[in-house]
């Protein structure tokens, strides 16, 4: 279950990266955590800070 969730989250991040013009090879460390989350940037700031 964890592996599937992680794969979906990073697929979401790669999709967002492609929308911003990113191309090429990336590692999991290159994907911003905000692009992995289903929450908005405002929600992440409110709950993380």
Study note, to complete from the structure: Quick calc: nm separation of the 7 Å Cα→Cβ label points for residue 39 and residue 26 -> 2.1 nm
Practice item. Sum -39500 (n - 2.57) across every DSSP H segment of at least 4 residues in the chain, then divide by the residue count to get the 222 nm mean residue ellipticity, nearest 500. Key: -18000 deg cm²/dmol
Check your understanding: Once you put a point 7 Å from the Cα of residue 15 and another 7 Å from the Cα of residue 47, both along the Cβ direction, what distance in nm separates them?
Key -> 1.9 nm
Exercise for review: Return the Cα extents of region 2-48 along principal axes one, two and three, sorted largest first, each rounded to a whole Å.
Suggested key: 33, 26, 16
Point to revise | Helix 2-19 axis, angle to the chain major axis (alpha carbon atoms, nearest 10°) | key: 80 degrees
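Since every read-out is calculated from the coordinates, none of them should be taken as a lab result. As the structure is a computational prediction, the values presented were derived from the model and not from experiment. A quick note on method: Cβ atoms are made from the backbone with ideal geometry, for glycine too, and the neighbour counts reach across all protein chains shown.
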